[in-house]
Amino acid sequence: MPSPLHSPELAARRLVELRRESQQTDRLPEDLRPATIDEALEVQRYVRALSGEPVGGWKCSLPGPGKVIAAAIYAPTVFSTVPCPLPGWKGGPARVEPEIGFLMGRSLPPKAAAYTDAEIRDAVAEVHLALELVGCRYTNPGAVPFPEMLADHLSNAGAFLGPCVQAGPSEIPAELEIVVDGPEGEILRRPGKHPDRNPAAPLFWLVNFLSGRGEGIEAGQVVITGSYAGVLELPLDTSMRIHYGDLGVLPVAFHETADAAKRP
C-alpha cells in the first residue's frame, strides 16, 4: 500500500513549474506522487494557491468508481476572442473538446445544507457553446495513474467560451452532431453524446462537492461539464465553424504564441 503523500505542496510546486515553463515530465518524482483522490485534491489546492492566478472556472463530470472529475481553470487561460491562443502548446494540431459552458451570474458560497438544482439553475447567468483546451504536464498521460492526472487538473490547459445559446441549463440536448467546417469545406463530423446525458448534472454535483470541501463557485466563473465527442484535433491558423447540432455554431481559430505558452 502506498505511503501517505507527505508534501502535497512540493508536488504542487513541481506542477506549477511545469505549467509556467511549458514543460512536460514522464511522472512526478516518486515521493511526490499522490496515490489517493484526497491527496490529489490537496495537491490541486496548493497549485491554485501557488499559481497566483484567480480561478476563472471549473471543469467537471459526474464522479465514477474511484474517480472524482473536478479541476480549476485559471482566469488567464479562459478566452472568448478569436484567434484563441493555446497555452502550453507543444506542436501539432490544436486539441480541444466540444462542451457546454455555464457562466455563473451569482456566487454560490459553501454552506451547511446542499444547494438544490433549482438554486443552482437560478445562479446561472448564461449558457454558452464552449471548448476545453487540452494540455498536460505529462508526456504520456495514458500511462499516468488517475490521482496524478487529477493533481494536474485532468489535462486542462484552458477554455474557450463561444456564443450564448437560447436554452436554459436543463434544456441542452444529450445528443447532437458535431461538425467542423473550414474555408475548404468540412474538416470533421462526429456523432455527439454527452457522457453524463444531462450536461447540467455535473454542474449540480460540482457546486455541492465544492461546498462540502469549504469552497464555492463565484459569479463570473464558467463551468464546463464534459465533451460531446472526445478530443478533436484541429488545424492552427484556420478559420473554422463548429456546429453543435441545431443548438448553435461556434466560430474559432487557434494560434500559438509565446505569451500563451508562458501563462500558468
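Close Cβ contacts (under 9 Å, 6 or more residues apart or on different chains) running from residues in the range 84-101 that are free of Cβ contacts under 8 Å to residues at least 24 places away in the same chain to residues that are surrounded by fewer than 24 Cβ atoms within 10 Å (Cβ to Cβ) and of a type in the set (Asp, Glu) comprise 91/256.
Could you say whether any residue in the range 28-50 is at pLDDT 95 or above, in contact with a Lys or Arg (Cβ under 9 Å, 6 or more places away or on another chain), over 23 Å from residue 66 (Cβ atoms) and surrounded by 15 or more Cβ atoms within 10 Å (Cβ to Cβ)? For the range 28-50, residues at pLDDT 95 or above, in contact with a Lys or Arg (Cβ under 9 Å, 6 or more places away or on another chain), over 23 Å from residue 66 (Cβ atoms) and surrounded by 15 or more Cβ atoms within 10 Å (Cβ to Cβ): present.
Inside the range 195-211, residues that are in contact (Cβ under 8 Å) with a residue 40 or more places away in the chain, open to solvent by less than 70 Å² (accessible area, probe 1.4 Å) and not hydrophobic (A, V, I, L, M, F, W, C) make up a count of 5. Checking the stated criteria, residue 238 turns out to be surrounded by fewer than 20 Cβ atoms within 10 Å (Cβ to Cβ) and either modelled with pLDDT of 95 or more or touching a helix residue (DSSP H, G or I) at 6+ places or on another chain (Cβ under 9 Å) (or both). For the range 64-94, the set of residues classified as open to solvent by 60 Å² or more (accessible area, probe 1.4 Å) and outside any loop (DSSP other than H, G, I, E, B) consists of 67 only. Among the residues of the range 135-163, those identified as of a type outside the set (A, V, I, L, M), part of a strand (DSSP E or B) and under 17 Å from residue 56 (Cα atoms) are 156, 158, 160, 162. Candidates 81, 36: the one that is touching a helix residue (DSSP H, G or I) at 6+ places or on another chain (Cβ under 8 Å) and polar (S, T, N, Q) is 36. Which residue is nearest to residue 192 (Cα to Cα), if the candidates are limited to the range 64-92 and must be modelled with pLDDT of 95 or more and in contact with a Pro (Cβ under 9 Å, 6 or more places away or on another chain)? Within the range 64-92, the match that is nearest to residue 192 (Cα to Cα) is 69. Filter the range 17-68 for residues that are of a type in the set (Val, Ile, Thr) and over 25 Å from residue 200 (Cβ atoms) and give the result. Listed by number, the residues that qualify are 25, 36, 43, 47.
Annotation note: Cβ proximity below 6 Å between a residue of the range 67-78 that is of a type in the set (S, T, N, Q) and a residue that is open to solvent by less than 10 Å² (accessible area, probe 1.4 Å) and in a strand (DSSP E or B) (sequence gap 6+ or interchain) occurs for 77/158.
Pairs linking a residue in the range 224-242 that is among the charged types (D, E, K, R) to a residue that is in a loop (DSSP other than H, G, I, E, B), with Cβ atoms under 6 Å and 6 or more positions apart or on different chains, are 233/93. Evaluation of residue 120 against the conditions (1) under 15 Å from the mean Cα position of the chain (by Cα); (2) of a type in the set (Val, Ile, Thr); (3) part of a helix (DSSP H, G or I) shows that the sole unmet condition is (1). In the set 174, 130, only one residue is at pLDDT 95 or above, in contact with a His (Cβ under 6 Å, 6 or more places away or on another chain) and within 22 Å of residue 62 (Cα to Cα); that residue is 174.
The values are calculated or read from the model by the stated rules, or taken from the named source; none is laboratory data. Worth saying up front: this structure is predicted, and the values here are computed from it rather than measured. Cβ coordinates were reconstructed from backbone atoms using ideal geometry, including for glycine residues, and neighbour counts include every protein chain displayed. Please note that ligands, DNA and RNA were not included when accessible areas were found on the heavy atoms of the full protein model with its side chains. Shrake-Rupley method; radii C 1.70, N 1.55, O 1.52, S 1.80 Å.
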